[in-house]
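Peer 1: After the structure tokens below, expect a handful of questions from me.
The values are calculated or read from the model by the stated rules, or taken from the named source; none is laboratory data. What you see is a predicted model; the values in this text were computed from it and never measured. Cβ placement follows ideal geometry from the backbone for every residue including glycine, while neighbour counts extend to all protein chains displayed. With ligands, DNA and RNA removed, areas are computed over all heavy atoms of the protein, side chains included. Shrake-Rupley method; radii C 1.70, N 1.55, O 1.52, S 1.80 Å.
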Amino acid sequence: MPTTAVPVLPCVDPEATREFYTALGFECTGYQVRPYLYLAFTRDGADVHFARFARDADDTGICLLLVDDVAAEHAAFKAAIKGLLGKVPASGEPRLTRFRPGASRFTLVDPSGNQLLIIRKDEPEFEYGGAKELSGLAKALDNARILSGFKGDDAAAYRALTSALRRPKEGDTDADRAFALAFLLELAPAAGRDADVPGLVGELRALPVTPEELDRAVATAADPGALRKLLEPAD
């Protein structure tokens, strides 16, 4: 008979935890707060339990969920969180990270600050610093994607990509710059760089790229519609 491992995480608010996980499609199979805390949830064969109150804000856990279709899971969680909260928070607790086309993972943070890393089962290998076969801005873009999507460090991704744009390399193209600026516009709010947005919009609008090249860059964003709206000329 196969062995089953079940993550046991800390909890801040049992009722908020139950409301959150049931909204996401988990079945609550156990709930008690006395004589001791114990909550149990299951969804599609994945079990997540909670067995004690969190001691402080840094007392959190991590759980990996390996799935076949990570894009479908993100869409389902996004819809569930919006239904529960009326919005999809990108900061605070709970929150859901962005999902860019072709991504192989995302992070869901529950009301207690625990992280659920939802990862595609056949996720490809990656190299911090960017793929070795790439160079210049293309490599910096790959590195920024890894820092943001795999490490969850949008600020580091923003710094790395900004530095690469300031130090152009031979072979960098305006199309590469369009991809980089589009990604920076996506990263800016999460990296605390909202003040940079108008300047980035101006740079992207001014690039001598074709409409098709610009559209390809915009299409790589987690929310292409929002980026297109941002690039629309002011009335």
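Peer 1: Accessible area per residue, 1.4 Å probe, Å², for the chain: what's the number?
Peer 2: Here the residues of the chain average 56 Å² of exposed surface.
Peer 1: Keeping the other protein chains in place, figure out the carbon and sulfur percent of the accessible area of the range 170-235, with a 1.4 Å probe.
Peer 2: Answer for the range 170-235 is 54 percent, counting heavy atoms of protein chains only.
Peer 1: Let me ask something additional. In the chain, which longest range has no trypsin sites (Lys or Arg not before Pro) that are both DSSP loop (not H, G, I, E or B) and surrounded by at most 11 other Cβ atoms within 10 Å? Show your work: numbers first, answer last.
Peer 2: Numbers: sites that count: Arg55, Lys87, Lys121, Lys132, Lys151.
The segment 152-235 is the longest one with no such site.
Peer 1: Moving to a separate point now. Karplus couplings for the range 142-154 from phi (6.51 cos²θ - 1.76 cosθ + 1.60, θ = phi - 60°), rounded to Hz, Gly and Pro as x?
Peer 2: 5, 5, 5, 4, 5, 4, 7, x, 9, 8, x, 10, 5
Peer 1: Using Cα-Cα distances under 8 Å and only pairs 6 or more residues apart, what relative contact order does the chain have, in percent?
Peer 2: For the chain, the relative contact order is 14 percent.
Peer 1: Can you give me the relative contact order of the range 1-130 as a percent, contacts being Cα pairs under 8 Å and 6 or more apart? Numbers along the way, then the final one.
Peer 2: Numbers: 221 pairs, mean separation 31.9, N = 130.
Result for the range 1-130 is 25 percent.
Peer 1: What chymotrypsin sites (Phe, Trp or Tyr not before Pro) does the range 92-143 have in DSSP loop regions with at most 11 other beta carbons within 10 Å?
Peer 2: In loop regions of the range 92-143 (DSSP not H, G, I, E or B), the sparsely surrounded chymotrypsin sites (Phe, Trp or Tyr not before Pro) are Tyr128.
Peer 1: Quick one: longest stretch of the chain between exposed loop GluC sites (Glu not before Pro), exposed meaning at most 12 other C-beta atoms within 10 Å and loop per DSSP?
Peer 2: Within the chain, the longest run free of exposed GluC sites (Glu not before Pro) spans 1-124.
Peer 1: How about Lys139: which aspartates and glutamates have a C-alpha closer than 16 Å to its C-alpha, ignoring those fewer than 8 places off in the same chain?
Peer 2: Of all the aspartates and glutamates, those that pass the test against Lys139 - Cα under 16 Å, at least 8 places apart if same chain - are Glu125, Glu127, Glu170, Asp172, Asp174, Asp176.
Peer 1: Got the relative contact order for the range 139-213 handy, in percent, Cα pairs under 8 Å and 6 or more residues apart? It would help to have the intermediate numbers written out before the result.
Peer 2: Working: 60 pairs, mean separation 21.9, N = 75.
Dividing the mean separation by the residue count of the range 139-213 yields 29 percent.
Peer 1: Averaging the inverse of every distinct alpha carbon separation and then flipping it gives the Kirkwood radius. What is it for the range 32-159, in angstrom units?
Peer 2: Taking every pair of different Cα atoms in the range 32-159, averaging 1/r and inverting gives 16.4 Å.
Peer 1: So, one more: Only four residue types carry charge here, +1 at the Cβ of Lys and Arg and -1 at the Cβ of Asp and Glu. Report the dipole size of the range 138-221 about the Cα centre in Debye, rounded to the nearest 20.
Peer 2: For the range 138-221, the charge dipole is close to 300 debye.
Peer 1: Rounded, prolate or oblate for the range 100-211? Axes are the square roots of the Cα gyration tensor eigenvalues, ordered a ≥ b ≥ c, and the cut-off for rounded is a/c under 1.5.
Peer 2: oblate
Peer 1: Among Ala156, Gly136, Val12, whose Cα sits farthest toward the positive end of the charge dipole of the chain (+1 at Cβ of Lys/Arg, -1 at Cβ of Asp/Glu, about the Cα centre)?
Peer 2: Val12
Peer 1: Based on alpha-carbon positions alone, could you give the equivalent ellipsoid semi-axes of the chain from the gyration tensor, as √(5λ), descending, whole Å?
Peer 2: Values: eigenvalues 289, 71, 49 Å².
In descending order, the three semi-axes are 38, 19, 16 Å.
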